[in-house]
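Let me begin by presenting the structure, written as structure tokens, before commenting on it.
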Amino acid sequence: MAKAESVRYFCSACGASSASWAGRCPSCGEWGSLEKGAAASASGVSTPQKTKSVKATDVLPPERVSSGIEEFDRVLGGGWLPGGVFLLGGQPGIGKSTLLLQTCGRMAEAIGSVLYVSGEESASQIALRAGRLGVLSEGLHLVCTNDMAGALESLPGKKFLVVDSVQAMRADGEGGWPGSPAQVRAVAQMCISAAKEQSVPAVLVGHITKEGRIAGPMLLEHMVDGVLTFSGEDYSPYRMLRAGKNRFGSTEELGVFEMTETGLVPVTDVSGLYWNKAAETVPGVAMTVAVEGSLPLIAEIQSLATATTFPYPKRTGRGVDVNKIQLFSAVLDKRCGIGCGLFDIYVNVAGGLLLREPAADLALCAALASAVRDVPLPGDCVFLGEVGLAGEIRPVVRLSRRLQEAARLGFTQAIVSAREGGGGKPPLDVVRVSTLKDALKAVIS
Ligand code: TYD
Ligand code: MG
């Protein structure tokens, strides 16, 4: 071993280094996290290796391994890569274990033995669940322990590794309770080293904190190849899988699943979730196409205007920012002569979708105008434009993608900004307008 020239201290939480020891890390503020010379293990480089350059053209791309679930593969960028390690974060009870157990079962059927390590449930509980999910397979191997090193002894020969969860496991030789920054880092490091050495793709489940971060050292997200998040609303059976970081693919993809009695089922027609065709001809309903990752989905904005009995009319919004309702009420009043001041206005985006994109502005304005005038909008029309304070309509990103989705679902007309670039022939009738007033003239007589 080379003699240390100078001793340095490294923070087990954030990885910052410092020349002297302190009770609190000067960089991230974590207490009791400075350790002597732990940097090498934090970065995963422990032994010097002979490094030779290779021609990039000579390097063969590794083969991807399917997760057995098409939606999951798409979010991953085409499947797992050998030795690639992902972190899967999400609220307790959201379905992380279910998703991974289903994945393990499918992979065990397709490619051979897989290893599911659980520090949270017993083997009988997991087997029972696997049975209910219909993925009880010969190749599904379970290890239920909190001892990380012991669990990894079963890894050789397996094609996939799941560790549920990184906070429940213990790394001997490292201080602290399971779940403490130092323990989580050590557990993750053991899994990453084992996965890389044996070229096995792996997923580590991570609990998340109240702030939505994965509990443990910040360094954790840098150590892994990708971070997946699994989320959903309490009242809804739908779950969204996204990649917040992915060294092997895009971070734009979204996978949507429905939690059912028999596990998670991919939802392929996402627009269907948010679209209630029957409501189309009711005043106050306007349709737009939102884009989530690379998934376009139809969004239905519903608005209700009733004569107010308050000195200040009420504005309430679910799925849209209430400030936007106020702002566009003012724009409609000033630029289009549609007075909203005598009405209480309620807006709801159907299906629990949250519309933050400016591309939905025009649809919101159209819904408000339609509600205030009590005139329905054409049911076969989508609205795609950003609305400015001058009442001007501005272009939106990914217009062609949105138009394609609208056309696919049977819409025949789209109202867009006159400033949109030409592009090819649009798949439906496109009405180009410069101002909100012109847009409303085209749909509300
Ligand atoms: P789980 O995967 O244990 O969540 P996590 O690992 O993220 O904590 O999922 C728990 C919830 O999912 C539980 O409340 C019951 C529900 N569930 C179903 O609705 N159907 C199923 O088939 C399964 C296995 C779970
Ligand atoms: Mg779980």
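Rounded to the nearest 20 debye, the dipole size of the chain about its Cα centre is 1020 debye, using +1 on the Cβ of Lys and Arg and -1 on the Cβ of Asp and Glu.
Lys-Lys pairs in the range 65-268 that are eight or more residues apart or on separate chains and whose Cα atoms lie under 24 Å of each other come to 10. Taking amide H as placed 1.01 Å from N in the peptide plane, Val203 has its amide H under 5 Å from the amide H of Phe86, Leu161, Val162, Val163, each at least 5 places away in sequence or on another chain. The average projected area of the range 86-127, computed from the convex hull of its Cα atoms over all directions, is 3.4 nm².
Helix 123-133: angle to the longest alpha-carbon principal axis of the chain, degrees 0 to 90, nearest 10? Once rounded, one gets 30 degrees. Scattering from the chain was approximated by placing one identical point on each alpha carbon and applying the Debye formula without solvent; log10 I(q)/I(0) at 0.12 1/Å stands at -1.00. Surface composition of the chain: carbon and sulfur atoms hold 53% of the protein heavy-atom accessible area at a 1.4 Å probe. The trypsin sites (Lys or Arg not before Pro) of the range 114-218 that DSSP puts in a loop, and whose beta carbon has at most 11 other beta carbons within 10 Å, are Lys210.
By the Cβ distance rule (another cysteine Cβ under 4.7 Å), the unpaired cysteines of the chain are Cys104, Cys144, Cys191, Cys336, Cys340, Cys365, Cys381. Remark: spin-label model distance Thr268-Ala407 equals 2.2 nm, labels positioned 7 Å along the Cα→Cβ axis. For the range 318-380, pairs of C-alpha atoms spaced more than 17 angstrom apart make up 36 percent of the total. In the chain, taking the dipole from charged Cβ atoms about the Cα centre, the farthest positive-side position among Gly385, Gly179, Pro283 is held by Gly385. In a solvent-free Debye calculation with one equal scatterer on each Cα, what is log10 I(q)/I(0) for the range 273-443 at q = 0.13 Å⁻¹, listed in the order of the q values? Per q value, in the given order, log10 I(q)/I(0) is -0.55. Average accessible surface for the chain: 48 Å² per residue, computed with a 1.4 Å probe over protein heavy atoms with every protein chain in place. Note on Lys425: lysines with a C-alpha under 30 Å away, same-chain residues under 8 apart excluded, are Lys277, Lys437, Lys441. Given a Förster distance of 25 angstrom, what is the FRET efficiency for Arg213 paired with Arg398, based on the Cβ-Cβ distance and rounded to 0.05? Given R0 = 25 Å and the Cβ-Cβ separation, E is 0.25. Each of Glu261 and Ala307 was given a label point 7 Å from its Cα along the Cα-to-Cβ line. The distance between the two points is 5.0 nm.
For the chain, leaving out every one of the chymotrypsin sites (Phe, Trp or Tyr not before Pro) that falls in a DSSP loop and has at most 15 other Cβ atoms within 10 Å, the longest unbroken run is 22-234. Normalised by residue number, the volume inside the convex hull of the Cα atoms of the range 65-268 is 108 Å³ per residue.
Using only side-chain charges placed at the Cβ, +1 for Lys and Arg and -1 for Asp and Glu, the dipole size of the range 65-268 relative to its Cα centre rounds to 200 debye. Stretching the chain fully between Ala418 and Glu70 yields a gain of 121.4 nm (0.36 nm per residue, less the alpha carbon separation).
At full extension, Arg432 and Cys28 could sit 140.2 nm farther apart than now, given 0.36 nm per residue minus the alpha carbon distance.
The range 136-199 and the range 386-417 have their alpha-carbon centroids 49 Å apart.
The values are calculated or read from the model by the stated rules, or taken from the named source; none is laboratory data. In this text the structure is predicted, and so the values were computed from the model without any measurement. Note that we place each Cβ from the backbone using ideal geometry, even for glycine, and neighbour counts take in every protein chain shown. Heads up: the accessible areas ignore ligands, DNA and RNA and are worked out on the full protein's heavy atoms, side chains in. Shrake-Rupley method; radii C 1.70, N 1.55, O 1.52, S 1.80 Å.
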